Every structure is written in structure tokens, then in C-alpha cells.
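**Student:** Sharing a structure with you now.
The values are calculated or read from the model by the stated rules, or taken from the named source; none is laboratory data. Just so it is clear, the structure is predicted and the values come from calculations on it, not from any experiment. As a convention, Cβ positions derive from the backbone with ideal geometry for all residues, glycine included, and neighbour counts pool all protein chains shown. Heavy atoms of the whole protein, side chains included, go into the accessibility calculation; ligands, DNA and RNA do not. Shrake-Rupley method; radii C 1.70, N 1.55, O 1.52, S 1.80 Å.
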Amino acid sequence: MSSNGNNGHIPFVDLVTLHQELEEELVSVVRSALRTASFIGGPFVTEFETNFAVFCDAKHCVGVSSGTDAVRFALMAAGVQPGEIVITVPNTFIATTEAISQAGARPEFVDIDERTYNMDPVRLQELLETECSLDRETGRPFHRRLQKTISAVVPVHLYGQMANMDPILGLARRYNLIVVEDACQAHGAEYFSSKENRWCKAGSMGHAAAFSFYPGKNLGACGEGGAVTTNDAEIARKIRMLRDHGQSKKYYHDVEGYNGRLDSIQAGMLSVKLRHLPEWNRKRQEAAHRYNEMLSSVGGIIAPYEPEWSRAVYHLYVIRVEDREGLQKHLADAHIGTGIHYPVALHLQKAYEQLGYRLGDFPVTEKAALEVLSLPMYPQITQEVQEYVIGKIQQFFSKAEVMGPQCRAVAPAV
Ligand SMILES: Cc1ncc(COP(=O)(O)O)c(C=O)c1O
């Protein structure tokens, strides 16, 4: 069985094959940068920004140094002030909340939907209606226990699937909230908005959206990188300043900013890869559908759920299983790489002890954190490799049947 040239190992993500396929084009970007000494800003960055804005159906794209900076700059430029609350989910990578804190705000969580693993709009509504009073001056919710104003919400399009944006945007309009999409895992994902009666791209629906180009992402740099997309010219202008030491023109600093630019060589490489992204996303979707079909005959597993309003791009293919550790070990013994996204919910991380959350505060996220397992997923994965992975999963469950019933299908969280 071929395993993508990795000595019999099936990697969780295969970044080697992809870069072998594009090696000549990528090296020519480096050569061109060396010959023109174009390292910061310049045509590579502008060209990528123009093309990525088109890809996302957004009016503007501003390249920045990482996805974390993209979330932070988007919040700051959209108007979040120090001391305010920004709502997000506890089922995300810590960068989401780091960026909120770095913008001077306090993260507050609402639980996720148990099938999509993304923000549950019903929980958001509950928080706004039951724990807040309306501040008549700002039209914004005032959190009574925390004694702070809520100014923004950050829905995270986790695993490559968009959050249920219509109800989230509806609540944001009602409560005058800024919406920054964390689209760091969702380049090219789509959402069918019943309100607009059309499919909308990740990065085009909120006031602004953040993307990461960390190498393993659907669109990844050969190093660090990120971008903000927005339809608001003023937000784009502010982010251009923030990423470049607050300069409106060279050595004229309107505000204190950051060194948060997108590197030119990375931008050039991202332009090369962007041309392949639609095809890569299509291959991920095909691979996901193959997994779904193969898994339909395996009891004990919950496959990813894609609602009718979603076209996910499967940054990750995340299944759920009660004996997650057992299955992960069984696959590791067969040299199959897997991941856990994420093993500890953010509200229970040591870094957030001071926020005072407890086990039980966000039960849907907490249960998912014990059961989610990400299977190998990348555009070049073959049917043969997937059959091998599923075969090993089947083997795990047939062994479990002989040994006892500890691998039952997981019960839904309450
Ligand atoms: C959901 C989410 N938000 C933010 C980030 C931060 O992106 P970066 O690593 O480029 O700073 C990531 C990256 O892993 C992410 O997955």
C-alpha cells in the first residue's frame, strides 16, 4: 500500500508531497525576490492581497504576519476598546482568545453546537438576553456580573466549516456588536445565507475576518503569515497602519502600531498556492465524502456533520469516539498519524484560571474535548490510504466487541 512516500507511515498531514509538486514555482519566487531585493511590501504582497480578496468575495485584503495578528488587528481596527468583552467559543485554538486579550478586551465564552462544533447561536442569544442589560447609550449589552460592555463577537469557522452566521449576524445587528470571523481554518468555506438567499464565502460576512497561513492550513505559507479581509475601507486602512508601526506614511505615526506585516516572499509563495486552492479544497471535500461513506458501516463513530447551509473545506476531518485514547493508540501502532483538536477546552486552560471558569460551565465543548479525533486529511490523500485507515478503525471496533462494550457510540452531550 502506498503511503505518500513516508516509509509506511501515514502522516496526519502531508506537507512534503505538496511542496515537491510546486517546488520549481516556489523557488522561482525566492529567486525573483533575491534579484529585486523585494523582501518587505512591494508587488508580491499587493498581488496576493488583490487575489485573496477576490477569492473571499471581499472588497479588501490586508496581509499581516500571522492569523493571531489578523484577529487582533481586525478587532482593534473595527473598534473594540480595552476593558470591553469579546464573545467567542471555548472550542478553538488559543490564538483566538490571545488576540482578544492582546486587543485589551476580555474573552467570554458561549458553548458550541454539538453537531457542528461551532458557536451555538441559541447560547449566544441566551447570554445576551439573560446575563446582560441593554446600555441605552451604546445600544450594546452590559454584562451584569462582569460589569463590562460587550462590543464584539468572534465566531470561529472551526475545522473548515463556517459557523451558523445568519442568526449570529442577526443578534449582532440587534445588539450593535462588531463581528470578526475567525476564518483561520476555513479558506474557501461557504455558508448559504437564507437572509441573502445566496452562498457566502468565509471572510465576506462579518465586519472583518482573520485568516492564518500557517503551513498546515488549507492555504499555507512556507513560514508564518496571515490576512484580514473586510468590505469596510476604513477598517482596511486602519489595519494597514497597525501592521506597519502605525504609519500613515513613512515616519509619520498616527498611532503606535506593530511590526505585523506579511513577508513578501511568503506573499509570493501564497499567490502560487492560491491558484491551486480551489482544486485542493475540492479534493479535501472528495476525501471527506469517501471517509463518510466508508465510516457509515462502522458503529461507534460519529462522522462530521455538514448542515445543508454549509460547504465545508475540511481543514480537519474530525470524528467522535468514546474510547478516543484507545483508538488513537491503535492507529498510532499501525503508523497512522492523528490529531486532537482540542484536548483541553479553553475555559479550563491554566492560562485562563484567573477568568474563574469551572468544569461544567460549557458541557458540550467539554464532552467534545474528550472524544474528538482528527483523521489524516490533505488534498493528496488517496482512496487506498483512506481504506487502510478505515480498515484499522474497523479492526479496533471488532477487537473491542470481543473484549467488551467499552467502545459504544457516544451519547449526545446535554
Ligand atoms: C482557529 C484559529 N485561530 C487563530 C489561529 C492563529 O493563526 P496563526 O498560527 O497564523 O497565528 C489559528 C492557527 O492555528 C487557528 O486555528
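**Student:** Please enumerate the residues belonging to region 293-312 that are within 26 Å of residue 203 (Cβ to Cβ) and either open to solvent by less than 60 Å² (accessible area, probe 1.4 Å) or not basic (Lys, Arg) (or both).
**Tutor:** Within region 293-312, 304, 305, 306, 307, 308, 309, 310, 312 qualify.
Residue-by-condition table, conditions (1) at negative phi; (2) touching a Phe, Trp or Tyr at 6+ places or on another chain (Cβ under 9 Å); (3) of a type in the set (A, V, I, L, M, F, W, C):
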site: 234; (1), (2), (3): yes, no, no
site: 244; (1), (2), (3): yes, yes, no
site: 254; (1), (2), (3): yes, no, no
site: 270; (1), (2), (3): yes, yes, yes
site: 274; (1), (2), (3): yes, yes, yes
site: 294; (1), (2), (3): yes, no, yes
site: 299; (1), (2), (3): yes, yes, no
site: 304; (1), (2), (3): yes, yes, no
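**Student:** If the requirement is being of a type in the set (Asp, Glu), over 30 Å from residue 377 (Cα atoms) and in contact with a Ser or Thr (Cβ under 6 Å, 6 or more places away or on another chain), which of these qualifies: 254, 244, 166?
**Tutor:** Checking each option against the conditions leaves just 254.
**Student:** Still on this structure, please answer the following. Would you mind listing the strands (runs of 3 or more DSSP E) fully within region 165-275 where at least 2 residues are without any contact (Cβ under 8 Å) to a residue 60 or more places away in the chain?
**Tutor:** Answer list for region 165-275: 178-182, 247-249.
**Student:** Still on this model: Could you tell me which residue of region 209-244 is farthest from the ligand (Cβ to nearest atom), considering only residues that are among the hydroxyl-bearing types (Ser, Thr, Tyr) and crowded, with 24+ Cβ neighbours inside 10 Å?
**Tutor:** Residue satisfying both the conditions and the ranking: 230.
**Student:** Among (1) assigned to a helix (DSSP H, G or I); (2) of a type in the set (Asp, Glu); (3) open to solvent by 60 Å² or more (accessible area, probe 1.4 Å); (4) over 15 Å from residue 10 (Cβ atoms), there is one condition residue 366 misses while meeting the rest; what is its number?
**Tutor:** That leaves (3) as the condition not met.
Let's see how each residue does on (1) open to solvent by less than 10 Å² (accessible area, probe 1.4 Å); (2) within 16 Å of the ligand (Cβ to nearest atom); (3) more than 22 Å from residue 305 (Cβ to Cβ):
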{"position": "89", "(1), (2), (3)": "yes, yes, no"}
{"position": "95", "(1), (2), (3)": "no, yes, yes"}
{"position": "100", "(1), (2), (3)": "yes, yes, yes"}
{"position": "119", "(1), (2), (3)": "yes, yes, no"}
{"position": "133", "(1), (2), (3)": "no, no, yes"}
{"position": "138", "(1), (2), (3)": "no, no, yes"}
{"position": "141", "(1), (2), (3)": "yes, no, yes"}
{"position": "144", "(1), (2), (3)": "no, no, yes"}
{"position": "174", "(1), (2), (3)": "no, no, yes"}
